[in-house]
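Q: There's a structure below that I have some questions on.
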Amino acid sequence: MQAADRFADGASDAQVAREFRVSRMSANRWRRALENGGREALASKGAGGAACKLDDAQLTRLEQTLQEGPIAYGWDDQCWTLARITEVIGRLFHVSYTVGGVCYLLHRLGWSWQAPSRRAAERDERAIAAWRDEQWPIIKGWRRSRVRGCASKTRPGRP
């Protein structure tokens, strides 16, 4: 609405764009909307995009389902994947989502992805440290010193 006031004062598209930090194309679009439909044409029409396919009760049930874990729905490990959640949504609510749509939905609900730690329960930190100190230097070998040289075998490097 402030842009509409600036247009009424006689400001150009370039001036409005610079003042509100938008492109000249956006300022021009605002000016044309103002001329064709008045100030009502500049009013926000709300958030764009498709409406959510699940209502509030279904979203609450989905969160409870996710908290139960994937074992409750037939998967052997404790890892929810987007594909699994997509399948569960289809089973419970008979609604189809894409994997990307499920990712967006989960972020909207405040869920984020979790990377499992890939360490064995039997891991022995002392044995690993001993191997790193004793065996790795033998396997790695020694390095030549860094002296100037030439890659050519027929032309020796200069000292």
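The values are calculated or read from the model by the stated rules, or taken from the named source; none is laboratory data. Note that this is a predicted model, so its numbers are computed, not measured. We place every Cβ from the backbone using ideal geometry, glycine too, and count neighbours over all the protein chains shown. With ligands, DNA and RNA removed, areas are computed over all heavy atoms of the protein, side chains included. Shrake-Rupley method; radii C 1.70, N 1.55, O 1.52, S 1.80 Å.
Q: Being modelled with pLDDT of 90 or more and within 30 Å of R118 (Cα to Cα) narrows it down to one of V16, V95, V88, so name that one. Working first, answer last.
A: Numbers: V16 fails: within 30 Å of R118 (Cα to Cα); V95 fails: within 30 Å of R118 (Cα to Cα).
When all the criteria are applied, what remains is V88.
Q: Would the range 61-69 turn up any residue that is basic (K, R) and under 16 Å from V88 (Cβ atoms)? Lay out the reasoning, then the answer.
A: Our first condition is that a residue be basic (K, R); within the range 61-69, this holds for 61.
If we keep only those that are under 16 Å from V88 (Cβ atoms) as well, we get 61.
Checked the range 61-69: at least one residue is basic (K, R) and under 16 Å from V88 (Cβ atoms).
Q: Please determine, by comparing only the residues of the range 1-12 that are open to solvent by 70 Å² or more (accessible area, probe 1.4 Å) and of a type in the set (A, V, I, L, M, F, W, C), which one is farthest from R29 (Cα to Cα).
A: Out of the qualifying residues, it is A8.
Q: Across the range 75-123, what is the total count of residues that are on the phi > 0 side of the Ramachandran plot and among the polar types (S, T, N, Q)?
A: We begin by selecting, within the range 75-123, every residue on the phi > 0 side of the Ramachandran plot; these are 94, 110.
Going one step further and asking which of them are among the polar types (S, T, N, Q), we end up with none.
Selection size over the range 75-123: 0.
Q: Give me the residue from the range 117-159 that is open to solvent by less than 70 Å² (accessible area, probe 1.4 Å) and modelled with pLDDT under 65 and, out of that set, farthest from D77 (Cα to Cα). Before the answer, list the steps.
A: To start, the set of residues in the range 117-159 that are open to solvent by less than 70 Å² (accessible area, probe 1.4 Å) comprises 120, 127-130, 137, 141, 149-150, 152, 157.
Narrowing further to those that are modelled with pLDDT under 65: 149-150, 157.
On the way: G149: 56, C150: 56, G157: 60 Å.
Filtering the range 117-159 for residues that are open to solvent by less than 70 Å² (accessible area, probe 1.4 Å) and modelled with pLDDT under 65, the one farthest from D77 (Cα to Cα) comes out as G157.
Q: Next up: Please work out if D77 is among the charged types (D, E, K, R), surrounded by 10 or more Cβ atoms within 10 Å (Cβ to Cβ) and either in contact with a helix residue (DSSP H, G or I) (Cβ under 6 Å, 6 or more places away or on another chain) or in contact (Cβ under 8 Å) with a residue 40 or more places away in the chain (or both).
A: Numbers: among the charged types (D, E, K, R): yes; surrounded by 10 or more Cβ atoms within 10 Å (Cβ to Cβ): yes; either in contact with a helix residue (DSSP H, G or I) (Cβ under 6 Å, 6 or more places away or on another chain) or in contact (Cβ under 8 Å) with a residue 40 or more places away in the chain (or both): no.
Answer is no for this residue.
Q: Of the residues E134, E63, which single one is assigned to a helix (DSSP H, G or I), within 27 Å of the chain's Cα centre (by Cα) and acidic (D, E)?
A: Numbers: E134 fails: within 27 Å of the chain's Cα centre (by Cα).
One residue alone meets the criteria, E63.
Q: Return the total of residues in the range 83-107 being touching a Leu at 6+ places or on another chain (Cβ under 9 Å), closer than 17 Å to E63 by Cβ and open to solvent by 60 Å² or more (accessible area, probe 1.4 Å).
A: Number of matching residues: 0.
Q: Could you check the range 13-51 and list, in sequence order, the residues that are surrounded by 14 or more Cβ atoms within 10 Å (Cβ to Cβ) and closer than 19 Å to V102 by Cα?
A: Selection gives nothing.
Q: Can you pull out every residue in the range 93-107 that is under 15 Å from C52 (Cβ atoms) and touching a helix residue (DSSP H, G or I) at 6+ places or on another chain (Cβ under 9 Å)?
A: Result: F93, V95, S96, Y97, T98, G100, G101, V102, C103, L105, L106.
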